[in-house]
Structure formats: structure tokens, C-alpha cells
Amino acid sequence: MVGSSSSWSTALVRISPYTFAAIGIAISIGVSVLGAAWGIYITGSSLIGAAIKAPRITSKNLISVIFCEAVAIYGVIVAIILQTKLESVPSSKIYDPESLRAGYAIFASGIIVGFANLVCGLCVGIIGSSCALSDAQNSSLFVKILVIEIFGSALGLFGVIVGIIMSAQATWPSKG
Amino acid sequence: MYGFEALTFNVHGGYLEAIVRGYRSGLLTAADYNNLCQCESLEDIKMHLSATEYGPYLQNEPSPLHTTTIVEKCTLKLVDEYKQMLCQATEPLSTFLEYITYGHMIDNVVLIVTGTLHERDVQELLEKCHPLGMFDSIATLAVAQNMRELYRLVLVDTPLAPYFSECITSEDLDDMNIEIMRNTLYKAYLQDFYRFCQKLGGATSEIMSDILAFEADRRAVNITINSIGTELTRDDRRKLYSNFGLLYPYGHEELAISEDIDQVRGVMEKYPPYQSIFSKLSYGESQMLDKAFYEEEVKRLCLAFEQQFHYGVFFAYMRLREQEIRNLMWISECVAQNQKSRVHDSVVFIF
């Protein structure tokens, strides 16, 4: 048994790894959707206001909203993948180091994906708002600012990749 | 938190900011001004303006046109846009938008009081008031005899009430006192607006502080130049200067003791931002000072649009529209009086 001297470390390792895993899954979908929603409202309010004077911008600038939405989809995909990794172990082995490792891996994967998608959604949302406003004034600016948005949305993808790699090696101890 | 306004500004202000930026794209450009400057008559001006955003406001005007009609209709457009923004704004943006109109309220109050002093009809004066500065009991201003009555009868219910504490006296209203009252009210208004913007914090306070400081300094210079040779004492003059801005407090000390324009120039040239303004004027000349100040103001207002997620764009837009209306008035007057050579004396291009 690890960490037997301090009472805090003892308490920490006696938390069931199922808890950590479940919280990781919740964070992966919950915080990703928070980021996506935040980004969509930032872009959407500017887009609607700017489209009153310049209606031509509406169809093109929906791309910004789609980039934000993609962030939420990443969160859903990773949550589904993570929940398939959640297996039962016999109660004698639940506090083995192997079990703890699997629980922590799923937890960390959830946090990685959740927070990477949160900031990605924010980033794409703010850029999308500026993109809508500048497109309304000068339509040649749209494509250039879209390139910035594409780089921004790559951040969410990084989070998803690392999260999936983390969760791939979350193996619970085998029965028996 | 400064720098993170982008995260929460759009909840309440995103839609209106996008709308005001759309309005800004409708400001007249240098090409429009060139067309207008080459018009031969007011009918030509009306025709050119109907191709711009002023079209719906001017198309029903019967000929012969007057310059005052053109200016009135253009001001009406500004008022409509302002009201559309105000009715959709939430706190603190709605308070901010209301602050923008207090300057016009002060001008209207002074207009009516002065007009009554010279025995003009109240209805005629009400028609000349700026529509953005109207409030309910404005017609009652004609009844007041001195400042105390003015305050007690009318102004205590308006937003201008807190600005009156410094200038209530029992003296009767005459021309000199009215000008002093106007400047004292405006000083209190600017300081209040400055404090309000500081309280808002973030990018709004930074951008608005710059614009308001320039406004305070410009008023200080104008007060100084206008009071040279009058019976306004130095202490009275110093009391009319605001307590913020680049010139506070040392520049104000020097301005208070200036007796002619060259001394004013000497004071202002010590401040680099104003040095460029005064270097454009030759010695002893002050007619072009107004235009130089307007140009500097327009430059600063256009810079407010460079940043997103703050309230300064609303203030900047209102001021730029007012400048445009001033330009249109000047052009119409020049065309109506056949003085087209002087058209470029006072037109400030915005783009």
C-alpha cells in the first residue's frame, strides 16, 4: 500500500479509482461543452449585430460557429471512448496500484480533453467575433482571419489526441 | 479584469457593439465629401446625400431647401440611431449612453436661458434645441430669474442636478454669469463622466480616459483664449478648469496667468501631443485652432475603433457623427452663400 505515513496521502489513495474515472468522463464532456457554448455565444452575438448592416456575411461566418461546435463533438467522442474503458475489478484488487493507475489515467484524460477544448472554444469564439465584424467592413479580410481560426481549432485536436493516448493504456487488473 | 473583457463582454454588449460598428461604416468618406464640395446648389447636395445613408431622411423634403433643414434631418438620423441603441442597452451600457447626452442637455439649458434673457419666444427656442438633450420640463426654464430658482424649479429633477452644487448663487442671470454657469456645469459633467469610466475599468476606462482628457484640455485652452481681455479674473478662470487631463495641474497654473495667444502657445508647446497641433498654426493666428483641435479629436476617436469589447466605440461613433453633421452644415452654408473657395477651411475628413 502506498503512502502510509501521512493521513492525507492515505485518504487520497483510499478514494475509489471508479470515482476518479467517472469524474474524468464527466469533466471531458461537461467542460468541452462549456467551451463550445461560450465560444458560440461570443461569435453569435457579434455575427447577428453585424449582419444587420451587411447581410452577406451570415452564410460565410457560420464557419466560426461550426468550428466551435466541433469542440463539443470532440468532448462527446472522448467521453464515449473513456466510458468503454471503465471496467469492473474484483473488490480485493480495487486499491491495487494497477487499479489506481487506470483510474488516474482516465481522470487525466478527461481533464486534458475538457480543458483543452474549453480554451479552444473560447479562442475560436473570440476570433470568430472579430472575423464577423471585419468581414462586415471589408470582405477580403474573411479568408485571412479564417486561417487564424483554423490554427486555433487545432488546439482542441491536440487535446483529443493526447487524451486518447492516455486512455489507451488504462488497463485495469485482470480478474483472478 | 483588464485584458479578459473578451470573455464576458459579448453577453450584454456584443450585439450593440456590432450594430454601432455597422453604423460607423455608413459615415461619409472622403470621396463623398469631394462630391459634396463640388455641388452648385442645395438641390445637388440633397441629390448626393440621397445616395448615402441620409437618403430616407431627406427625400421627402420639398424644395426650396434650407441649410437648417438639411442639418435638422441629419441630426434626426443620429437621434434615431441613438434611441435604437439606448432602448436595447442594459446596465452599465445604458448609463454610459445617457452620459453622452448630458453635454447636449447643458447646451440646451444655456440656450433657453440666454434666449429668455434676450426676450425671445420659448417655442422658437425649443425648436433650436438639440434633440439629444431634451428632457421633460425644459420649457419651464424660461420662467426662472436666477440660478437658485433655475435649480429649484427645473433642474433638480434632471440628471444635471448634481452638477449644480458648485454654481448656485443668488445673482441674477446675465450673459457673463451664464457663460460661467455653462463652463462650470460642463466641468462637473466631465469629471463625473471620467469617474464613471474609471469605475467601469478595463479597456473602456483606458480609452475613454484618453478621449476625455483631450476634451478637458481642449476646453481649458478655449476658455483661456476666450477669456483673454474680458473681466474674468485669474482665480475664476482657474476654477473653470477640470481636475484631470494632461494639463492638470501645472499646465492649468500657467494657462491661468496667460494674457495672450502667444503665451498660450508657449504653455502648450511643452506638451508633446499638443505641440503638433500648435506647430501647424503660424504666430498670432487662432482661427485655424478650432479645426486643428477637431482633427486631433477625430484621429483619437477613430483609434477607439481599433479595439474590440469596450464602450468607447459608442462615444466615438456619436462624436464622429456630430463632426460629420458639422461638416455638412459648413458645406451647405458655403454652397448656399456661393463661397465655395472656403469650403475646405473647416471640413474635417473622417476617413
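The values are calculated or read from the model by the stated rules, or taken from the named source; none is laboratory data. Predicted model, so just to flag it, every value in this text is computed and none were measured. With ideal geometry, Cβ positions are generated from the backbone for all residues, glycine too; neighbour counts draw on all protein chains shown. Remember, those area values only see protein heavy atoms, side chains included, never the ligands or the DNA or RNA. Shrake-Rupley method; radii C 1.70, N 1.55, O 1.52, S 1.80 Å.
What's log10 of I(q)/I(0) for segment B:217-351 at q = 0.09, 0.11 Å⁻¹, Debye sum over Cα points only, no solvent?
-0.33, -0.50
Share of the protein assembly as shown's accessible area from carbon and sulfur, percent, 1.4 Å?
Details: 14440 of 24560 Å².
Using a 1.4 Å probe with all protein chains present, the protein assembly as shown comes out at 59 percent carbon and sulfur.
Which of the GluC sites (Glu not before Pro) found in segment B:31-131 are in a DSSP loop and have at most 16 neighbouring Cβ atoms, other than their own, within 10 Å? Intermediate results must be reported in sequence, preceding the final value.
Numbers: sites: B:E40, B:E43, B:E53, B:E72, B:E81, B:E98, B:E119, B:E124, B:E127; in loops: B:E40, B:E53, B:E119.
Counting only loop positions with at most 16 other Cβ atoms within 10 Å, the GluC sites (Glu not before Pro) in segment B:31-131 are B:E40, B:E119.
Check the straight Cα-Cα distances from B:K239 and name the aspartates and glutamates below 15 Å, setting aside those fewer than 8 residues away within the same chain.
B:E166, B:E179, B:D217, B:E231, B:E253, B:E254
Sum up the charges of everything whose Cβ sits under 12 Å from the Cβ of B:Y57, counting Lys and Arg as +1 and Asp and Glu as -1, but leave B:Y57 out.
Numbers: positive: B:K46, B:K73, B:K77; negative: B:E53, B:E61, B:E72, B:D80, B:E81.
That sum, taken over residues with Cβ under 12 Å, equals -2.
Tell me, what is the per residue accessible area of chain A in Å², probe radius 1.4 Å?
Numbers: 8390 Å² over 176 residues.
I get 48 Å² per residue for this part.
What is the Rg over Rh value, at two decimals, for chain A, using alpha-carbon atoms and the Kirkwood definition of Rh? All intermediate terms of the calculation are to be shown ahead of the outcome.
Values: Rg = 20.9 Å, Rh = 17.7 Å.
Reported Rg/Rh, Kirkwood definition of Rh: 1.18.
How would you classify chain B from its alpha-carbon gyration tensor, with a ≥ b ≥ c the square roots of the eigenvalues: rounded for a/c under 1.5, else prolate if a/b is greater than b/c, otherwise oblate? Write down the numbers at each step before the final one.
Values: a/c = 1.19, a/b = 1.14, b/c = 1.05.
Rounded, since a/c falls under 1.5.
How high is the FRET efficiency between B:D290 and B:K270 when r is their beta carbon distance and R₀ equals 25 Å, given to the nearest 0.05?
Values: r = 22 Å, r/R0 = 0.86.
Taking R0 as 25 Å, the efficiency between B:D290 and B:K270 is 0.70.
If each residue of separation counts as 0.36 nm, what is the full-extension length gain between A:V147 and A:S16 once their alpha-carbon separation is subtracted?
Values: separation 131, 0.36 × 131 = 47.16 nm, distance 4.49 nm.
Stretched out fully, the A:V147 to A:S16 stretch lengthens by 42.7 nm.
Give the range of the longest stretch in chain B that excludes all trypsin sites (Lys or Arg not before Pro) found in loop regions by DSSP and having at most 16 other beta-carbon atoms within 10 Å. It would help to have the intermediate numbers written out before the result.
On the way: sites that count: B:R120, B:K270, B:K280.
It runs B:121-269.
Would you kindly find the accessible area of B:H12, with a 1.4 Å probe and non-protein molecules such as ligands, DNA and RNA excluded, rounding to the nearest 10 Å²?
Approximately 120 Å² of B:H12 is accessible to the 1.4 Å probe.
Which of A:V147, A:V78, A:V65 moves the most in a Gaussian network model of chain A with Cα springs under 10 Å?
Ranking A:V147, A:V78, A:V65 by mean-square fluctuation puts A:V147 first.
In nm, give the distance between the simple-model label positions of A:R56 and B:D121, each being 7 Å from the Cα along the Cα-to-Cβ direction.
With each label placed 7 Å out from Cα toward Cβ, I get 5.1 nm.
How large is the helix-only mean residue ellipticity at 222 nm for chain B, computed as the sum of -39500 (n - 2.57) over DSSP H runs with n ≥ 4, divided by its residue count, in deg cm²/dmol to the nearest 500?
Theoretical 222 nm ellipticity from helices: -20500 deg cm²/dmol.
Please say if segment B:102-181 is rounded, prolate or oblate, where rounded means a/c under 1.5 for a ≥ b ≥ c the square roots of the C-alpha gyration tensor eigenvalues, and otherwise the choice is prolate for a/b larger than b/c and oblate otherwise? Mind showing how you got there, number by number?
Numbers: a/c = 1.57, a/b = 1.14, b/c = 1.38.
Oblate, since a/c reaches 1.5 and b/c is not below a/b.
Would you report the distance distribution of C-alpha pairs in the protein assembly as shown as whole percents per 20 angstrom bin, up to the bin with the largest distance?
18, 40, 24, 13, 4, 0
Loop only per DSSP, at most 14 neighbouring Cβ atoms within 10 Å: give me the chymotrypsin sites (Phe, Trp or Tyr not before Pro) in segment B:235-284, ordered by residue number.
On the way: sites: B:Y241, B:F244, B:Y250, B:Y274, B:F278, B:Y283; in loops: B:Y241, B:F244, B:Y283.
For chymotrypsin sites (Phe, Trp or Tyr not before Pro) across segment B:235-284 that sit outside H, G, I, E and B with at most 14 neighbouring Cβ atoms in 10 Å, the list reads B:Y283.
What is the ratio of the Cα radius of gyration of segment B:20-172 to 2.2 N^0.38 Å, where N is its residue count, to two decimals? Don't skip to the end; give the middle numbers.
Values: Rg = 19.0 Å, N = 153, 2.2 N^0.38 = 14.9 Å.
Taking the Cα Rg and dividing by 2.2 N^0.38 Å, one obtains 1.28.
Between A:D96 and B:S341, what is the label-to-label distance in nm when each label sits 7 Å out along the Cα-to-Cβ direction?
About 10.3 nm, to one decimal.
As a test of the definition: with a 1.4 Å probe, what buried accessible area, both sides summed, do you compute for A against B, in Å² to the nearest 100? List each step's numbers first, then the result.
Details: alone 9060 and 16830 Å², together 24560 Å².
Chain pair A/B: roughly 1300 Å² of buried accessible area.
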